[in-house]
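Nothing in this text is a laboratory measurement; each read-out follows from the coordinates by a stated rule. Computed from a predicted structure; not experimentally measured. Don't worry about glycine lacking a Cβ; one is built from the backbone with ideal geometry, like all the others, and counts go over all protein chains shown.
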């Protein structure tokens, strides 16, 4: 995959999804080699994709941000938000981020998305390691930050 | 007329958001039914009168396209409008949805206005006018 085009699609997708569905304007998008947000103790989800290229998306955010997003999304008080609510919302968020990223990258190509899975942030291979190459974006919102990565399997 | 609506999505938060947006669009809604995949949706459809189905595509057990095909092959269900609400954005897949009989396609992330406009097209304007754009619900919070 063309990594510059993929990165542009990731940035646009993050902006579209956060601003349209979660009413969360972005402040700064930082590139990649920065430390991913909430490597421990946060809420994370992964989602595999296949097609002309295959790999997985990973999303991580601090629990406080997940709680705020979930409360806004569901229209409930933050104190009533359960862990299940938060993981469900984060899984839907990665589903939208991944689907949008891939269709923005190339709408003439069909990618198949897997089902979002909750995971612990520390289990994600943010640096790719032996698996393949990773594109990682950390986004600063007005009050917090999140990290979206694409792990490309070669 | 009160419309019975089935929302099919494996994400419980997304089902809740869609229900909230539909309710806020001013339509006279009857019963909301929910299903987490196509199989559950067919069970609901077999036992209830439905006026509209809003379904995701990518779900475990039975995806939204399979649900759509099964509905269009069934004499009792084929006239029910099916709206695909999905992150799927490839041209080929959207064309497939329409070719297989989807009444409309809404891409996630969506605005409340996108849902409302689609419902207006399929069900007609709400009788009380609450769903019209001039009422300012473009600012409707999810």
**Request:** First obtain the Kirkwood hydrodynamic radius of chain A from its Cα pairs, then insert it into the Stokes-Einstein equation at 37 °C and 0.692 mPa s, and state the resulting D in µm² per second as a whole number.
**Result:** 215
**Message:** For the protein assembly as shown, take every pair of Cα atoms, bin their distances at 10 Å starting from 0, and report each bin as a whole percent.
**Reply:** 6, 28, 34, 22, 8, 1, 0
**Prompt:** Calculated FRET efficiency, residue A:82 and residue B:61, Cβ-Cβ r, R0 22 Å, to nearest 0.05?
**Reply:** 0.35
**Prompt:** If one takes the longest principal axis of the Cα atoms in chain B, at what angle in degrees, from 0 to 90 and to the nearest 10, does the Cα axis of helix B:12-24 lie?
**Reply:** 40
**Item:** Descending Cα extents along the principal axes, the range B:1-61, whole Å
**Value:** 33, 25, 13
**Message:** Once each part is reduced to its C-alpha centroid, what is the distance from the range B:75-128 to the range B:23-41 in angstrom?
**Reply:** 14
**Item:** Share of Cα-Cα pairs in the range A:64-154 lying beyond 17 Å, as whole percent
**Value:** 60
**Nearest-ten-degree value, helix A:63-74 long axis tilted from longest Cα axis of chain A** = 80
**Item:** Scattering curve values for the range B:3-120, log₁₀ I(q)/I(0), Debye with Cα scatterers, q = 0.12, 0.18, 0.23 Å⁻¹
**Value:** -0.36, -0.86, -1.51
**Asked** Angle between the Cα long axis of helix A:83-105 and the longest principal axis of chain A, 0 to 90 degrees, nearest 10?
**Response** 30
**Request:** Give, in nm to one decimal, the length gained when the segment between residue B:31 and residue B:125 is fully stretched (0.36 nm per residue of separation minus the Cα-Cα distance).
**Result:** 32.0 nm
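As a test of the formula, what do you get for the protein assembly as shown when each DSSP H run with n ≥ 4 contributes -39,500 (n - 2.57) and the sum is divided by the residue count, at 222 nm and rounded to the nearest 500 deg cm²/dmol?
Values: 8 runs with 107 residues, N = 296.
It lands at -11500 deg cm²/dmol.
From Cα pairs below 8 angstrom and at least 6 apart in sequence, can you work out the relative contact order of chain B, rounded to a whole percent? Let's see the in-between values first.
Details: 234 pairs, mean separation 34.6, N = 142.
Value for chain B: 24 percent.
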